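Have a look at the structure below, then the notes.
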Amino acid sequence: MFSQHLEIVQQHTDNALAASGHDGVLIYANHPHNYFLDDMPWPYRPNPHFAWWVPEAANYPRSFLHYQPGRQPVLYLYQPRDYWHSVPTAPQGEWASLFDIRPFADHSELPDFSLLKNHAYIGQPEVSPLDANQTNPEAVLNPLHWGRSYKTGYEVEQILAANKRALKGHQAARDAFYAGKSECETHLDYLRATAHTEAELPYGNIIAQNANGAILHYQQLLREPFPEFARYSFLIDAGACQHGYAADITRTYAWNESPFDDMIQALDTAQQQLVNQAVAGQSYIALHEEAHVHIGDILHDFEVIKVPGQEAAEMGLTQVFFPHGLGHFLGLQVHDVGGKQADPHGTPIPQPEKHPYLRLLRTLEAGHVLTIEPGIYFIPLLLDAARDNALGKHIHWNTVEHFLPYGGIRIEDNVRVGTHEAYNLTRSVA
Ligand SMILES: [Mn+2]
């Protein structure tokens, strides 16, 4: 399966280099970066372009991949003589046999890459051996980003495996919440269940109880649990990784049977309808707008707003409660590349004025993998602004008061777009 993936990566790269008029590409793995005025490194992330080629990319900092169309890719694998750190062993298995692997212990052993004729370099600019205009040229990056938006069978398998791993964590986190544990303890249970270290997570876990669920990228992890009489809700947005590919899943739970619990179920139903529409030919902007209508209808049903969904969406009322995008491409990067390109050359799709935070603007095609993550939040900052403007009169403020302590709801699955069908990668492994 990986060999098929590699063939497709090579095809995309061949096309990109042909279009930009380059004879080859040098891709740098990246290296650990230290904190300011310190000798300790930030958690390491490989260059995603390197990880597209090399499955265990996180193990090979400071390595280089050299590819010329029609030739076997060469992996210059960094294996230092180092007694301070563990040194990567020579890679084994199917994928390794597809590369010409040349280990090196010191940069002096590398060929002089500055002599490469008519090449592009992709990676940290300060390490580039090539001229600035051949370093991360858009004419190469744009078609590669376009190519990366169509996932190979191998890539879908990795995202599925990442989902499986994340769901173990979600189960443990759900149990932790109902056992009355704190946000931080819940987070630790999640790490244990996924066997991920904190640094290996694709993004920082959002583990939010009560009103913290209304903070979209909440990161605090309270050490103390809320007292039992004041436990209302739990929102968890947490993923996992497999060979660099991410899962990105969100669930919301209510402590008690309550209107909030019913609202979770209503949003879940709407979310699954939206997931089923993620088929080839669907405009994602239109799907995002449809999500606003669903959310407006739910808010109307629960007597949070006074107008039905369509009208609420049109006047911008639903933006008060759903102020982020419906989702994004997913892959080697959690917010994966290519979502705003009209074509391989990188012509931008204009950002709709009404939807400044939508990260995916394309018409969906088979092979795209993306998230569908509608939400309903009670965010004091946005509610206060609405109270003072023309939208305020369409809101039942007493109902808002009721829901404020619950924070918010988000339901997020990972979806592969098919020609006639949407494949829910999250619920298919549950
Ligand atoms: Mn997401």
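The values are calculated or read from the model by the stated rules, or taken from the named source; none is laboratory data. The structure displayed is predicted, hence computed values, not measured ones. Here the Cβ is made from the backbone with ideal geometry for all residues, glycine too, and neighbour counts use every protein chain on show.
Can Q220 be described as more than 16 Å from the ligand (Cβ to nearest atom) and buried (at least 20 other Cβ atoms within 10 Å of the Cβ)? Please lay out each step first, then the result.
Values: more than 16 Å from the ligand (Cβ to nearest atom): yes; buried (at least 20 other Cβ atoms within 10 Å of the Cβ): no.
No; evaluated as a whole, the condition is false for this residue.
It is to be established whether one or more residues within the stretch 294-311 are within 16 Å of the ligand (Cβ to nearest atom), touching a residue at least 60 places away in the same chain (Cβ under 8 Å) and assigned by TED's automatic domain parsing to the domain that holds N389. Before the answer, list the steps.
Here is the first cut: in the stretch 294-311, the ones within 16 Å of the ligand (Cβ to nearest atom) are none.
For the stretch 294-311, residues within 16 Å of the ligand (Cβ to nearest atom), touching a residue at least 60 places away in the same chain (Cβ under 8 Å) and assigned by TED's automatic domain parsing to the domain that holds N389: absent.
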> Any idea how many residues of the stretch 153-175 are more than 23 Å from D336 (Cβ to Cβ) and buried (at least 24 other Cβ atoms within 10 Å of the Cβ)?
Replying inline: 1
>> Within the stretch 319-430, considering only strands (runs of 3 or more DSSP E) that don't extend past its boundaries, which have at least 1 residues that are of a type in the set (S, T, N, Q)?
In response: 369-372, 413-417, 422-424
> If you scan the stretch 315-329, which residues turn out to be surrounded by fewer than 24 Cβ atoms within 10 Å (Cβ to Cβ) and farther than 28 Å from V417 by Cα?
Replying inline: M315, G316
>> With the requirement that a residue be more than 13 Å from the ligand (Cβ to nearest atom) and buried (at least 24 other Cβ atoms within 10 Å of the Cβ), what does the stretch 241-254 give you?
In response: Y245, T252
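Suppose we filter T269, T252 for residues that are more than 30 Å from E56 (Cα to Cα) and in contact with an Asp or Glu (Cβ under 9 Å, 6 or more places away or on another chain); which single one remains? Step through it out loud before you land on a result.
Values: T269 fails: in contact with an Asp or Glu (Cβ under 9 Å, 6 or more places away or on another chain).
It is T252.
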>> Just to be sure before I move on: is S258 over 25 Å from the mean Cα position of the chain (by Cα) and hydroxyl-bearing (S, T, Y) in the structure I sent?
In response: yes
> Got a number for residues in the stretch 44-93 being over 17 Å from V9 (Cβ atoms) and of a type in the set (D, E, K, R)?
Replying inline: 4
>> Among (1) in contact with a Pro (Cβ under 8 Å, 6 or more places away or on another chain); (2) at pLDDT below 95; (3) of a type outside the set (K, R), there is one condition G93 misses while meeting the rest; what is its number?
In response: (1)
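Hey, could you check the stretch 133-169 for residues that are polar (S, T, N, Q) and part of a helix (DSSP H, G or I) and say which is nearest to P55 (Cα to Cα)? Steps first, answer last, please.
Residues of the stretch 133-169 polar (S, T, N, Q): 133-136, 142, 149, 152, 158, 163.
Narrowing further to those that are part of a helix (DSSP H, G or I): 133-134, 142, 158, 163.
Details: N133: 29, Q134: 26, N142: 22, Q158: 10, N163: 17 Å.
Looking at residues that are polar (S, T, N, Q) and part of a helix (DSSP H, G or I), I get Q158.
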> If you check every pair at least six apart or on different chains, which have Cβ atoms under 6 Å apart with a residue in the stretch 326-353 that is touching a residue at least 12 places away in the same chain (Cβ under 8 Å) first and a residue that is among the aromatic types (F, W, Y) and in a loop (DSSP other than H, G, I, E, B) second?
Replying inline: V334/Y203
>> Looking at the stretch 346-360 only, could you name the residues that are away from the ligand (no atom under 16 Å from the Cβ), more than 30 Å from E157 (Cβ to Cβ) and of a type outside the set (D, E, K, R)?
In response: T347, P348, P350, Q351, P352, P356
> In the stretch 321-363, what count of residues is obtained for those that are among the aromatic types (F, W, Y) and within 12 Å of the chain's Cα centre (by Cα)?
Replying inline: 1
> Which one of these does D23 not meet: (1) charged (D, E, K, R); (2) over 22 Å from N133 (Cα atoms); (3) in contact (Cβ under 8 Å) with a residue 40 or more places away in the chain?
Replying inline: (2)
>> Yes or no: the stretch 406-423 includes at least one residue that is out of contact with any Ser or Thr (no Cβ under 9 Å at 6 or more places or on another chain), within 16 Å of the ligand (Cβ to nearest atom) and not β-branched (V, I, T).
In response: yes
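Are any residues in the stretch 190-221 hydrophobic (A, V, I, L, M, F, W, C) and closer than 23 Å to P41 by Cβ, and if so, which ones? It would help to see each step written out before you state the result.
Start the filter on the stretch 190-221 by keeping residues that are hydrophobic (A, V, I, L, M, F, W, C), which leaves 191, 193, 195, 199, 201, 206-208, 211, 214-216, 221.
If the condition is that a residue be hydrophobic (A, V, I, L, M, F, W, C) and closer than 23 Å to P41 by Cβ, then L191, A195, A199, L201, L221 are the ones that fit.
Tell me yes or no: at least one residue of the stretch 323-333 is more than 14 Å from the ligand (Cβ to nearest atom) and farther than 26 Å from G244 by Cα. Let's see the steps before the verdict.
Of the residues in the stretch 323-333, the ones more than 14 Å from the ligand (Cβ to nearest atom) are 323, 332.
Retained after the next criterion (residues that are farther than 26 Å from G244 by Cα): 323.
Looking for residues that are more than 14 Å from the ligand (Cβ to nearest atom) and farther than 26 Å from G244 by Cα, one finds at least one in the stretch 323-333, hence yes.
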